[in-house]
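To keep things clear, I will list the structure first and then write my remarks on it.
The values are calculated or read from the model by the stated rules, or taken from the named source; none is laboratory data. Given the structure is predicted, the values throughout are model-derived calculations rather than measurements. Here the Cβ is made from the backbone with ideal geometry for all residues, glycine too, and neighbour counts use every protein chain on show. When the accessible area is computed, the model is the full protein with side chains, heavy atoms only, and any ligands, DNA or RNA have been set aside. Shrake-Rupley method; radii C 1.70, N 1.55, O 1.52, S 1.80 Å.
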Amino acid sequence: MAREWRNWTGDQRCMPETVERPRTRDELADAVRRAGERGLSIHAAGSGHSFTEAALTDGAMIRIEALNRILDADRESGRVRVEAGITLRDLSRALWDLGLALENLGDIDRQTLAGAISTATHGTGARFRNLSAQVEALELVLADGSVIEVSEKDHHDAYLAARVGLGALGVIYSVTLRAVPAFVMRRVDSPRPLDEVLAAIDGLAERNEHFEFYVWPYTDTALVIERNRFDGPPQPRGRASAYLNEIVIENYAMDVLSRIGRRFPSTIPRMVGFASRQFSRTEMTDRSYRIFASERRVRFTEMEYAVPREHGPEAVRRVLDLVRERRLPVGFPIEFRVVAPDDAFLSTAYGRETAYVAVHQYQGAVWQPYFQAVEEIMSEYEGRPHWGKRHFQTAETLARLYPRWRDFQRVRARLDPAGRFRNSYTDRVLGPVRANR
């Protein structure tokens, strides 16, 4: 009996005709082949951390969470081959036990590896590309159940397409990653005047391996987060201190304030002003993956745009001005990060140094007017929307933003000529599969 599937926030839902839960490559290939023979649309779903319709299907949903093993690891070269349903958290822990680590991560680690790379998920760091740039090879299961490996050496155009494939090329079975020796990091959080931070973006980005900041609407204080390698052992917080800071303050208190703001929008400017005054300088030193990721229990929806890095500070200022001028009921912070240029066909950082500007709204609060207005601002800078987060773009508007758009479409037509791996999201953002000419 089919059951409703929901994403993490609970605002994307679907009722698949069939749900498959393969535990091996052969079971995955059989599940995909059977769905293809029945003429069903096919889409993989993992942890549901996309805010878009990316995982929705009324055909065959392939749940990949049981495909979560490390298949091969070479500590000397750092090459690690893993099944694509493993979460970033579990992968990071397993790599640490092998003396290895991913060179960069985002601040949420509950996504499956397949979902993270397929949507161009990224961390921050002026010298670091997004997560899919750490991929050296992928095994894709095609609609007829056959398996193809794409890599830097074999099927190179398909490799550059599949690194950010939106689930539209096939179901990823395994990923070969380029890991690095395990390392310890120190994180320093410090409140600073927003104008000072915006004026010093380039220096902060170049001085720190990983830099970002948050700023709440209706305030003028930014919380700057600097992460750098540390030559010494991990010094994790005590259990009580970690619970107080990461769960009680950052999550439970935030959830209470958000609920009040959703019920009484006029209180938001005062509440975020109070919250920003609680910022203080803090330091943490721990295993790299623990420093990269944060505990996120407050449910929200999000939009994030990639703009040329030189326009990032201006874009942040315009979003803040927008909220104030329109008195929008926004009680969640704006986030700013930077990354290096990338070469995957649909990478949001393709071919340019990039700044990411993310806006959020609490679960159940009205988000459309805010996000639509932000999108208008970002479009003036040729902004590219994060593939796994809210946006209103279509294939027609997106095509001009990606120099290798046609190359991706040629690969898509070759690997999935019948359009089996389509859903409502790919229909909107990629358009129909067109035969190669």
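A few notes on this one:
- Among the numbered conditions (1) part of a strand (DSSP E or B); (2) touching a residue at least 60 places away in the same chain (Cβ under 8 Å); (3) open to solvent by less than 10 Å² (accessible area, probe 1.4 Å), the only one that residue 360 does not meet is (3).
- Test: residue in segment 92-109 that is modelled with pLDDT of 95 or more, touching a helix residue (DSSP H, G or I) at 6+ places or on another chain (Cβ under 6 Å) and either open to solvent by 20 Å² or more (accessible area, probe 1.4 Å) or among the aromatic types (Phe, Trp, Tyr) (or both): no
- You will find that of 413, 395, 418, the residue that is open to solvent by 50 Å² or more (accessible area, probe 1.4 Å) and aliphatic (A, V, I, L, M) is 418 and no other.
- Boolean, residue 219 is of a type outside the set (Phe, Trp, Tyr), in contact (Cβ under 8 Å) with a residue 24 or more places away in the chain, buried (at least 17 other Cβ atoms within 10 Å of the Cβ) and touching a Gly at 6+ places or on another chain (Cβ under 7 Å): yes
- Scanning segment 383-411 for residues that are of a type in the set (Phe, Trp, Tyr) and under 22 Å from residue 300 (Cα atoms) yields a count of 2.
- For segment 74-91, filtered to residues that are open to solvent by 10 Å² or more (accessible area, probe 1.4 Å) and in contact (Cβ under 8 Å) with a residue 40 or more places away in the chain, the residue that is nearest to residue 290 (Cα to Cα) is 89.
- Selection from segment 288-307 of residues that are out of contact with any helix residue (DSSP H, G or I) (no Cβ under 6 Å at 6 or more places or on another chain) and surrounded by 15 or more Cβ atoms within 10 Å (Cβ to Cβ): 288, 290, 291, 292, 293, 294, 296, 300, 301, 302, 304, 306
- Restricting attention to segment 109-124 and to residues that are in contact with a Leu (Cβ under 8 Å, 6 or more places away or on another chain) and among the aliphatic types (A, V, I, L, M), the residue that is farthest from residue 347 (Cα to Cα) turns out to be 113.
- Hits in segment 120-174 (condition: among the aromatic types (Phe, Trp, Tyr), outside any loop (DSSP other than H, G, I, E, B) and either in contact (Cβ under 8 Å) with a residue 24 or more places away in the chain or open to solvent by 10 Å² or more (accessible area, probe 1.4 Å) (or both)): 173
- Scan of segment 380-392 for residues that are surrounded by 16 or more Cβ atoms within 10 Å (Cβ to Cβ) and either among the charged types (D, E, K, R) or without any contact (Cβ under 8 Å) to a residue 60 or more places away in the chain (or both), ordered by number: 384, 389, 390
- All positions within segment 35-60 that are in contact (Cβ under 8 Å) with a residue 60 or more places away in the chain and part of a helix (DSSP H, G or I): 35, 36
- Whichever residue in segment 36-55 is surrounded by 23 or more Cβ atoms within 10 Å (Cβ to Cβ) and among the aliphatic types (A, V, I, L, M) and, among such residues, is farthest from residue 19 (Cα to Cα): 54
- Of the candidates 321, 343, the single residue that is open to solvent by 20 Å² or more (accessible area, probe 1.4 Å) and under 26 Å from residue 165 (Cα atoms) is 343.
- Selection count, segment 225-272, where residues are touching a Phe, Trp or Tyr at 6+ places or on another chain (Cβ under 7 Å) and of a type in the set (Ser, Thr, Tyr): 1
- Some residue of segment 182-203 being touching a helix residue (DSSP H, G or I) at 6+ places or on another chain (Cβ under 6 Å) and assigned to a loop (DSSP other than H, G, I, E, B): yes
- Every condition in (1) modelled with pLDDT under 85; (2) within 30 Å of residue 347 (Cβ to Cβ); (3) hydroxyl-bearing (Ser, Thr, Tyr) is met by residue 280 except one, and the failing one is (2).
- So residue 69, is it open to solvent by 60 Å² or more (accessible area, probe 1.4 Å) and touching an Asp or Glu at 6+ places or on another chain (Cβ under 6 Å): yes
- The single condition among (1) aliphatic (A, V, I, L, M); (2) closer than 21 Å to residue 130 by Cβ; (3) free of Cβ contacts under 8 Å to residues at least 24 places away in the same chain that residue 413 does not meet is (2).
- Residues that are in a helix (DSSP H, G or I) and not small (Gly, Ala, Ser), drawn from segment 93-119: 93, 95, 96, 97, 113, 117
- Verdict on residue 187 being open to solvent by 20 Å² or more (accessible area, probe 1.4 Å), touching a residue at least 60 places away in the same chain (Cβ under 8 Å), under 30 Å from residue 331 (Cα atoms) and under 24 Å from the mean Cα position of the chain (by Cα): yes
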